[in-house]
Amino acid sequence: MSEKRYFKIFSERHTIGSQNKYVALFDQLDKAEDEDDSDIKEKLKKIGINPEFLSADKNYLYNLILRSLNDFHDSKTFNLEIKESLLSIEILFHKGLYHECLKLISKTELLAEECENFPLMIDVLMWKKKCSGYSLGLKKASEANLLIDKYIALLNNLKRITDLYYESNLLQANNEKYSKKEVIKKFENILSQQELKSEKNVLSFSAKIFYYLIYSNYYYIVDNKQKEYDQLQKLVNILNLSNTYAIENPLDYVSIYNRLLAIKKYFPSSSFFNDIKVLNEFAKKVHIRKEVVIQRVFIHTNTHELEYYIINNEFQQALSKTKEIEKEISKLDLDIEPYHLIYFYYLQAITLTFVGQFHKALKFINKILNDLTFEDRPQVYLRVEVLNAILHYELKNYSLVLSFSKQVLKENQNKKILIPIEEKLLNGLMKISNVKHLTLKEETSVFQALSNEIHETKRPQKDTVNGLIDNYDKWIMAKIKRKLVSELFN
């Protein structure tokens with residue numbers, strides 16, 4: 001049952017005659033694009049509801065929705081169960097039912113311990129101290145009070161490591177502001193902090209998550225893919241052993257898994273598709289933010305699977321995957337950050353380009369260029385524009401190739417995003433498109449020069465940049481072969 005449906009059932013107790021005032025107001029607000037009170041009043045009048053006290057009714061509706069949501073999500077997570085228990089504990093305590101109160105406290109302690117919610121555990125222990133003092137004596141109250149110190153220490157340790165994690169994340173996000181040497185120095189300063197010198201200094205499971213993320217951020221910066229992969233794999237392994245983490249933090253779980261898959265596809269590992277399966281199965285079982293989780297898992301798993309096929313030259317599998325995506329995507333109401341959508345559409349355009357479906361590929365390119373912006377993901381957006389020029393070359397729209405190539409090269413002068421081979425590729429396409437009667441041999445020589453350039457500068461390791469170079473290399477080699485065949489028959 002959806003939250004909206006549950007609210008309508010929950011609010012039946014507020015029915016006036018045959019008409020539910022608050023459901024009617026809820027429906028009007030839900031349908032309205034802009035919250036215009038005068039318009040809503042008119043619509044309420046038409047269905048026989050007095051709108052005189054609209055402001056008060058909206059305030060009451062807001063609180064009613066909150067109560068309905070609380071009821072709907074009752075005990076769906078350990079944290080919510082603990083909070084509900086705390087309410088019951090307080091009621092039992094004020095009624096003087098100390099024995100029953102301590103029994104519930106004991107059960108709640110186990111839950112708080114399991115999900116490592118230290119602030120809630122401290123709340124539970126505060127009630128244990130009070131209840132013990134009134135029913136078991138000062139010694140037991142003192143023991144409960146001492147336990148609070150333990151969880152304050154755990155909370156402080158978690159807070160400190162979380163602060164260092166945010167610092168590492170901001171440094172990673174803003175690394176273009178500094179030289180690589182400066183960034184590494186700043187990272188090494190973070191890693192020199194006492195809490196990060198050894199895993200032994202990490203006092204809880206929750207803190208260990210951030211410990212591994214900090215180190216994976218560091219290895220990303222120093223370009224050590226193997227160690228970055230190792231840290232993320234260790235992290236996912238411990239998350240999968242937890243009975244609570246994925247349930248309590250579904251979006252964080254998906255985000256961490258996404259990071260692992262982003263790098264795992266570059267390593268020869270049979271577990272890549274097992275991890276895709278794990279994430280897809282998780283999306284079916286989750287209770288919190290289910291629709292959001294399903295959308296994210298759909299985008300992330302399909303993005304990584306498409307890229308895996310492209311990296312490994314499995315273009316027919318990639319094409320089959322794009323057809324699956326086309327069938328499934330119509331069932332989803334996608335509401336995900338443009339950052340992820342750009343790359344998702346870009347990979348589909350690349351796949352269709354490689355299999356010669358240029359018009360279909362162009363639809364994805366136009367979707368990105370029309371619906372999304374450079375700021376959403378600059379490095380991918382500019383490469384979408386490069387692919388746009390390539391597609392128009394394939395479709396023999398030479399005047400568009402010239403204008404698009406010039407535009408991208410101009411944008412890149414300030415941005416400095418494209419790698420040298422991309423700039424040379426665009427200049428090559430402009431050279432071909434600018435000459436009315438270029439011979440096949442001359443055109444082939446342009447592509448051959450680009451191919452030679454790629455093979456001279458190509459790096460041995462598998463990573464995102466080398467993946468890009470590989471993609472251009474595959475396309476250029478296909479063009480050379482096609483031109484050579486044409487020369488033979490002409």
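Rundown of residues vs (1) closer than 27 Å to Leu468 by Cβ; (2) under 17 Å from the mean Cα position of the chain (by Cα); (3) in a helix (DSSP H, G or I), yes/no style:
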site	(1), (2), (3)
Tyr229	yes, no, yes
Ile238	no, no, yes
Asp252	no, yes, yes
Leu261	yes, yes, yes
Tyr266	yes, no, no
Ile276	yes, yes, yes
Glu305	yes, yes, yes
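Modelled with pLDDT under 90 and in contact with a helix residue (DSSP H, G or I) (Cβ under 8 Å, 6 or more places away or on another chain), is that true of Glu443? So Glu443 passes the test.
Does the range 332-354 contain any residue that is more than 23 Å from Arg377 (Cβ to Cβ) and either assigned to a helix (DSSP H, G or I) or at pLDDT below 95 (or both)?
So in the range 332-354, the residues more than 23 Å from Arg377 (Cβ to Cβ) come out as none.
Taking every residue of the range 332-354 in turn, none turns out to be more than 23 Å from Arg377 (Cβ to Cβ) and either assigned to a helix (DSSP H, G or I) or at pLDDT below 95 (or both).
For (1) surrounded by 15 or more Cβ atoms within 10 Å (Cβ to Cβ); (2) in the same structural domain as Leu391 (by TED's automatic domain parsing); (3) in contact (Cβ under 8 Å) with a residue 24 or more places away in the chain; (4) at negative phi, each residue gets a yes or a no:
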| residue | (1), (2), (3), (4) |
| --- | --- |
| Glu324 | no, no, no, yes |
| Leu332 | no, no, yes, yes |
| Asp335 | no, no, yes, yes |
| Tyr343 | yes, no, yes, yes |
| Ala349 | yes, no, yes, yes |
| Phe354 | yes, no, yes, yes |
| Leu372 | yes, no, yes, yes |
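Per-residue answers, yes or no, for (1) in contact with a helix residue (DSSP H, G or I) (Cβ under 9 Å, 6 or more places away or on another chain); (2) surrounded by 15 or more Cβ atoms within 10 Å (Cβ to Cβ); (3) within 21 Å of Ile336 (Cβ to Cβ); (4) in contact (Cβ under 8 Å) with a residue 24 or more places away in the chain:
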| position | (1), (2), (3), (4) |
| --- | --- |
| Ser271 | yes, no, no, no |
| Glu281 | no, no, yes, no |
| Lys284 | yes, no, yes, no |
| Ile294 | yes, yes, yes, yes |
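Among the conditions (1) at pLDDT 75 or above; (2) within 30 Å of Ser135 (Cβ to Cβ), the only one that Ser75 does not satisfy is (1). The C-beta contact set for the range 417-430 (first residue more than 14 Å from Lys406 (Cα to Cα), second residue surrounded by 16 or more Cβ atoms within 10 Å (Cβ to Cβ) and of a type in the set (A, V, I, L, M, F, W, C), distance under 9 angstrom, 6+ apart or interchain) comprises Ile417/Leu382; Ile419/Leu468; Ile419/Ile469; Ile421/Leu450; Ile421/Ile454; Ile421/Leu468; Ile421/Ile469.
What number of residues within the range 190-227 are outside any helix (DSSP H, G or I), closer than 25 Å to Leu111 by Cα and not hydrophobic (A, V, I, L, M, F, W, C)?
The initial filter retains those residues of the range 190-227 that are outside any helix (DSSP H, G or I), namely 192-193, 198, 202-204, 222-224.
Applying the additional criterion that residues be closer than 25 Å to Leu111 by Cα yields 202-204.
From what is left, the residues that are not hydrophobic (A, V, I, L, M, F, W, C) are 204.
Qualifying residue count, the range 190-227: 1.
Sort through Glu307, Glu248 and tell me the only one that's over 26 Å from Thr351 (Cα atoms) and either buried (at least 18 other Cβ atoms within 10 Å of the Cβ) or among the hydroxyl-bearing types (Ser, Thr, Tyr) (or both). Matching residue, one of Glu307, Glu248: Glu248.
The values are calculated or read from the model by the stated rules, or taken from the named source; none is laboratory data. Remember, predicted model here, so these are calculated numbers, not experimental data. Note that we place each Cβ from the backbone using ideal geometry, even for glycine, and neighbour counts take in every protein chain shown.
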